[in-house]
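Peer 1: Dumping the structure here so I can ask a few things about it.
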Amino acid sequence: MALKVLLRNRGFQLLIFGQTLSTLGDRALIIAFGVWVKELTDSNAAAGGAFFFVALPYLFAPLTGVIIDRLPRRRLFILANLAMACTLLLTLLVHGADQVWLLYAITLCYGISGVIINPTQSALITSIVDDPDLPDANGLLQTSSDGVRLLAPLIGAALFTLLGGHVVAMLDAATFVVAALCVWRIRISGDERRAREPVSLREEMLAGLRHVFATPALRGMVIALGAALLVTGFTQTLIFAIVDDGLHRAPAFIGVLASLQGAGAIIAGLTAGRATRRVGDVRLVMIGIAGVALSAVIYLAPYFGTAAVAAVLFGAGICWTTVGMITSVQRRTPPRLQGRALTAAMGVVSTPQTISIALGAALSLLVDYRILLVVIAVVTGGCAVWLARQPTDDQHEGPRPPQSPEASAMPPQSPEASAIQSPEASAMPPQSPEASAMPPGEPMDS
């Protein structure tokens with residue numbers, strides 16, 4: 001199985017270990033920051049402001065895509081993590097409500113680091129693992145992220161209560177350092193500073209978006225996913241109505257459904273690689289959208305058992321759409337455009353989601369939650385059907401990195417796994433001798 005291949009890939013082991021530890025620290029600290037601001041100001045609005053500053057930098061994702069494609073990605077990943085670790089030291093200066101602005105500034109830096117680190121990591125994966133293993137790699141990373149999401153809020157709140165915000169911040173700073181050290185131990189071929197393209201900065205920023213919309217499979221995928229997320233964000237508000245008006249449970253019961261969503265996402269992440277090899281990455285996105293549509297229908301039934309099934313299905317659907325989207329962009333984008341294409345695709349699908357969260361909150365005051373669930377089911381179901389009719393057979397563009405020694409030592413692939421390789425991929429020109437001499441995915445010598 002490809003999962004076993006990945007677990008024998010030393011470079012990927014280092015990457016997922018560092019990412020999991022860092023994500024745990026990140027999510028715990030974000031919760032702790034909100035509690036910290038609330039404690040200092042006794043204001044719910046002020047506490048919510050901390051989360052706003054985390055999300056704000058995503059508006060500038062196209063610019064970070066240019067940075068990712070210009071600089072050596074391994075070095076950029078390391079520097080971004082170390083810079084954030086140093087930034088967190090500023091929390092030691094926070095002692096009262098007068099320094100809340102400093103917490104806001106730190107959370108803004110947090111958001112900036114996320115816009116850089118996450119797409120850079122996705123671009124690095126294409127150099128660490130071999131092409132057939134990309135779905136498994138992305139699935140495992142998503143599984144670790146969703147698993148951490150189940151525990152981090154409790155850990156963050158508990159650590160803040162027991163040790164205080166300063167200690168939580170220092171622990172998170174340590175996780176950034178560990179993530180940087182893990183990637184420093186990975187040797188990646190062809191990771192060099194790229195010459196600036198002879199075009200304006202605006203043209204460089206738009207290059208990723210143009211590539212996505214010029215590639216039929218990617219264009220259809222982001223349009224369908226963006227349209228689906230334009231209503232999927234309603235669930236952020238509707239979940240309260242489902243629990244209160246549908247199930248007649250206390251608000252705290254939302255935590256149970258959230259845990260079930262996380263469980264569904266973990267299962268989906270572990271099966272994403274096998275599902276992608278069977279149906280393809282774009283079809284995986286389609287299945288994920290269909291899963292969200294089906295979960296909205298099941299949520300209409302006012303029973304705990306059906307709500308539990310809907311929560312698991314919803315979590316799995318969101319996970320499959322994420323893994324499928326990232327994998328499809330990685331496979332169909334040349335190395336020089338990886339950063340810009342990934343940030344462009346993420347921006348196209350995340351903007352409608354942000355709008356839908358606000359729209360859902362407003363509509364929930366005027367419209368019965370069951371009607372909104374029907375709207376979600378109809379729109380997402382329509383998007384899934386439309387995407388199923390779009391082309392998906394365009395494959396990789398640009399040379400892929402050479403196989404790692406671990407992968408080279410593996411037995412030949414099964415016909416099923418080999419079938420996803422395109423004729424274009426097999427006809428790619430060989431890499432330079434310098435690149436070929438340095439296999440990816442290996443730890444660097446100390």
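The values are calculated or read from the model by the stated rules, or taken from the named source; none is laboratory data. Bear in mind that the values here come from a model prediction, so they are computed numbers and not experimental data. Every residue, glycine among them, receives a Cβ derived from its backbone with ideal geometry; neighbour counts consider all protein chains shown.
Peer 1: Which one of the conditions (1) of a type in the set (A, V, I, L, M); (2) at pLDDT below 85; (3) more than 17 Å from LEU171 (Cα to Cα); (4) crowded, with 18+ Cβ neighbours inside 10 Å does ALA28 fail to meet, given that it meets all the rest?
Peer 2: Every condition holds for ALA28 apart from (3).
Peer 1: When residues of segment 351-406 are filtered for being modelled with pLDDT under 80, of a type in the set (D, E, K, R) and out of contact with any Asp or Glu (no Cβ under 7 Å at 6 or more places or on another chain), how many remain?
Peer 2: Summing the residues that are modelled with pLDDT under 80, of a type in the set (D, E, K, R) and out of contact with any Asp or Glu (no Cβ under 7 Å at 6 or more places or on another chain) in segment 351-406 gives 4.
Each row is one residue, and each column tells you yes or no for (1) more than 17 Å from ARG73 (Cα to Cα); (2) of a type outside the set (A, V, I, L, M, F, W, C); (3) surrounded by 18 or more Cβ atoms within 10 Å (Cβ to Cβ).
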| position | (1), (2), (3) |
| --- | --- |
| LEU140 | yes, no, yes |
| VAL148 | yes, no, yes |
| GLY156 | yes, yes, yes |
| ALA179 | no, no, yes |
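Peer 1: If you take just the helices (runs of 4 or more DSSP H) that sit entirely in segment 52-144, which of them hold at least 3 residues that are farther than 26 Å from ARG336 by Cβ?
Peer 2: On the way: elements: 61-70, 73-87, 100-128.
Where helices (runs of 4 or more DSSP H) fall fully within segment 52-144 and carry at least 3 residues being farther than 26 Å from ARG336 by Cβ, they are 73-87, 100-128.
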